[in-house]
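Contents: one structure, followed by commentary.
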Amino acid sequence: MGNVLLQYATVLVLSIFVGIEIIAKVPSILHTPLMSGSNAIHGVILVGSMLVLGSANTNLEEILGFLAVLLGTLNVVGGFVVTDRMLEMFKAKAPKAAVKKTDEVAQ
Amino acid sequence: MSRETLIDLLYLFSATTFVLALKGLGSPKRARMGNGIAALGMLVAVVATFFKYVDGHSLHHVGLILLAMGIGVLVAVPTARFVKMTAMPQLVAIFNGVGGGAAALVSITEFVHIKSTHPATYVTLEVLLGVLIGTVSFSGSAIAFAKLQELMTGRPVTYPGQQVLNGIFGLGALVLIVIILSTNSTPLLWVLLGLSFILGIAFVLPIGGADVPVLISLLNSFTGLAVAASGFTLGSNLLIVAGTLVGASGILLTRLMSKAMGRSLANVLFSAFGSNITASGDTERADGRSVRSGSPEDVGVLLNFSSRVVIIPGYGLAVAQAQHVVRELAEELEKKGIEVFFAIHPVAGRMPGHMNVLLAEANVPYEQLVEMDEANSELQTADVALVVGANDTVNPAAKDDKSSPIYGMPIISADLAENVIFLKRSMRPGFAGIENELLYNPKTMLVFGDARDTLTKVLATVKNG
């Protein structure tokens, strides 16, 4: 058990360094999309939510797990869609083409 | 290859896409692709999870999982797609909050699930940290949302003994964690949940509206940490990697953002910035200094005689939905051979980069947007600085008034231009609640009214002139 914990701790420490390294030089105009994008990424809690609901034994666990999956989905889907919407604004060269594209993405 | 190994490999793929995505989001060219890659990685992870075995059986309640996901998608997609661009910061706040809530729920559910097996102390600790951090992020984001959406005052909410009380809440949570660790008590877990909820609210209340974006970034980082804690509990490398990446990069991003405002993170979080400033502003205004106001037509004439115009947009422009008119005005001036730039302060709008998004949406060419430093050198030779709905970001007090709360914040030096025009709704101070000396400057002309109406009239004059 101790070894497993150590393995997770290793992953944790390395991820901290990667996380810091990766965004060290970001222009300020991209701060908001970056925040929004990483917001979507922590939506990976959805995977954890699926696992707890998928192993629920009692009603209480089912209710909590259901809510977790619901909130996790909101986080993932909302996060990615909002970020994409922000970023699509950054390269609107031909106005009409851009508008058309927006419609396609919307449905 | 066993099923579990395959799933773990797919998780590794997802974790890799997250790293690449964060990297891509740091450059304007690859940002959108980065976001897409992460979305793909997320999809792969979710689909793979459906095939995972837990407690020796395949996933139960698949129907319930799909139902919850279906509801989530139905709510999230329209919300994210159709909410106005100006409301974007609130939206990020709310999507972050639900993530924190999900992390807390996952931790609680796992605690209920494994309690009978008498888990090791460190497992319980991971659960409790997940609950604490996730819930703080949830309730804190909810208050941040309420502030930005103007469901409550954007001013810092302060009361006597606030910091002491917050300290007691925080300490109480820690004591509770220690007790639960030794007793494994489920009722006390609910108490911790409640206390964390209150802690999140109490933590956010004293933070003023102008600082909320920095706060959201911090809460975003918190949610990442809560997800990482859940990852420890569930034994998922994917959750640990993704959560930690967001947690670590989020803290750094938060510091970058407070630096862009010329303040330290501690100052943003604990100084109740903007709460006690208006009083002095009022007395100063009482000494009878006058401002010079003009009409939209005056502005149009002045612009026509200029050869270089710098437009400095702020949140007021977005509120008045004047992006499109301002773009038309810029086009019209360019047609007449007048150089036009948009000077973008790093925190113009409600979040860093918010203004760029709003102007890009109105099809202002990317090349016309210049960042603060470049703008300040352009302004030295500009005939007109046209300030549309901005205030604090051009306030010279940041440069020369040591007693001012925004002293040290980098600003756009509109006062360098030959003429300064302010389009304002009223004499009300800006979001940070600070009086602006530039309004009383002899070379400043104020035009009161809705920015869009004013600009439309200005545009008409320019066209005829």
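Where a number appears in this text, it was derived from the coordinates with a stated rule and is not lab data. Since we're looking at a predicted model, the values are computed, not measured. Using ideal geometry, Cβ is built from the backbone for each residue, glycine included, and neighbour counts are taken over all protein chains shown.
A few remarks follow.
- Proxy reagent accessibility, fewest Cβ within 10 Å first, across B:THR461, B:THR17, B:THR117, B:THR393: B:THR117, B:THR461, B:THR17, B:THR393
- Cβ-derived FRET efficiency at R0 45 Å, B:LYS399 paired with B:TYR122, nearest 0.05: 0.30
- Fewest-first sequence of B:HIS57, B:HIS324, B:HIS113 by Cβ atoms within 10 Å of each Cβ: B:HIS57, B:HIS324, B:HIS113
- Helix-only CD estimate at 222 nm, as mean residue ellipticity for chain B, using -39500 (n - 2.57) per DSSP H run (n ≥ 4): -20000 deg cm²/dmol
- B:ASP8-A:THR58 FRET efficiency (beta carbon distance; Förster radius 22 Å; 0.05 resolution): 0.15
- Out-of-range pairs (alpha-carbon distance over 27 Å; input B:LYS23/B:LYS259; B:LYS29/B:LYS463; B:LYS29/B:LYS399): B:LYS29/B:LYS463; B:LYS29/B:LYS399
- Residues of segment B:40-61 falling in the label zone of A:VAL4, defined by backbone nitrogen less than 20 Å from a point 7 Å along Cα to beta-carbon, are B:49-60.
- Antiparallel DSSP beta bridges within the protein assembly as shown, percent to nearest 5: 10 percent
- Cross-link reach list, aspartates and glutamates versus B:LYS457, counting only Cα pairs under 14 Å and skipping chain neighbours closer than eight places: B:GLU297, B:ASP298, B:GLU328, B:GLU332
- Net length gained if the chain between B:LYS115 and B:THR183 were fully extended (0.36 nm per residue, minus Cα distance): 23.4 nm
- Overall form of segment B:291-464 per C-alpha gyration tensor (a/c, 1.5; a/b vs b/c): rounded
- Least to most buried among B:VAL19, A:VAL82, B:VAL44, A:VAL69 (fewest other Cβ within 10 Å first): B:VAL44, B:VAL19, A:VAL82, A:VAL69
- The label point for B:VAL47 and the one for B:THR158, both projected 7 Å from the Cα toward the Cβ, are 5.4 nm apart.
- Residues with amide H under 5 Å from that of B:ASN419, placed H, sequence gap 5 or more: B:VAL384, B:ALA385
- Potential lengthening between B:ASN441 and B:PHE82 on full extension [0.36 nm per residue; Cα-Cα distance subtracted]: 125.1 nm
- Gain in span if fully extended, B:GLU334 to B:ASP453, counting 0.36 nm per residue against the direct Cα distance: 40.7 nm
- Cα shape, chain B, gyration tensor, a/c 1.5 rule: prolate
- Cα gyration tensor, segment B:382-449 - rounded (a/c under 1.5), prolate or oblate: oblate
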